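First the structure, in the form of structure tokens, and then the observations on it.
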Amino acid sequence: MGLLQGLTEYLPVSSSGHLAIASHFFGIEGEANLTFTVAVHVATVFSTLVILWKDIVWIFKGLFDFKGPGMNESQRYALNILVSMIPVGIVGVFFKDYVEMIFGSGLLVVGICLLLTALLLTFSYYARPRQKENISLRDAFVIGLSQACAVLPGLSRSGTTIATGLLLGNNKAKLAQFSFLMVMPPILGEAILDIAKGVTHGVEAASAGIGMWPLAVGFVAAFVSGCLACKWMINIVKKGKLVYFAVYCAVVGVALIVHHCL
């Protein structure tokens, strides 16, 4: 499951959907599943830190540089990330319980959302809007809205945000980078909140029904595979090959719906 999370977090096939599928067939439910999911998501955030460390350092170095009038590029980039976090922050604060209920609603929802992911990836592949060099505040907010929708299991976060950005006409290479960086604060924020509530890993993991060693193995597996998938996905977006993942999502989505009906 750690390998699955690391690979699918960056590929546009929905990591949450694949974790839901694995949890279903492995028979993992309840607090143990929630604990593990949060832990491996944090692991993939760390893999983003490793792969995109130069970009993160660039943001922080420029963030506190107040020379000259107006904002510099780093400050504008940080503002875009902040704006993109608003929709998912609202969902996290006001609809967290509802989202967790959807995660436990079975594979039918995952199958339907995977089909929606396939449609979105296909549409963004064939659409050819005029390319813009920089992501605007408006675009950052719209991409943030798509990220908020992608909390549904099966609706790929990376696929949804990148496809939305492509439809808005944003630069492919910059869009992949922005998509991976914008998810870091919400995931880390959720992990901190869960730790504060005594729900996540550490000593509390045992009471949640999962041991420290399985949690550690999953964390390391997600981190290593996440590093590989992050680099791979950036190259895939640059080449515009997302439509192949649409075929995969469609096949798996149909299979899950058929499985549910049987």
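Readers should treat all values here as calculations from the given coordinates under stated rules, not as data from a laboratory. Remember, predicted model here, so these are calculated numbers, not experimental data. Positions of Cβ are generated from backbone atoms using ideal geometry, with glycine treated the same way; all protein chains shown enter the neighbour counts.
Each of HIS259, HIS18 was scored by other Cβ atoms within 10 Å of its Cβ. Arranged with the fewest first, they read HIS259, HIS18. Charged neighbours of TYR77, selected by a Cβ distance under 14 Å, balance to -1 (K, R count +1; D, E count -1). The protection proxy used here, the mean number of other Cβ atoms lying within 10 Å of each residue, ranks peptides 118-125, 74-81, 1-8 as follows, highest first: 1-8, 118-125, 74-81. In a fully extended conformation the segment linking TYR126 and VAL93 would gain 8.3 nm over its present Cα-Cα distance, using 0.36 nm per residue.
Approximating the spin labels as points 7 Å out from Cα along Cα→Cβ, the LEU137-to-LYS239 distance works out to 3.8 nm. A crude spin-label estimate for the pair LEU79 and VAL251, with each label 7 Å from Cα along the Cβ direction, gives 4.6 nm. Pull out the extension gain between HIS24 and LEU119, defined as 0.36 nm times the separation in residues minus the alpha carbon to alpha carbon distance; nm, one decimal. Result: 31.7 nm gained on full extension. Among MET71, MET233, MET212, sorting on how many other beta-carbon atoms sit within 10 Å of each Cβ, with the fewest leading, yields MET212, MET71, MET233. Region 7-28 and region 207-262 have Cα centres spaced 6 Å apart.
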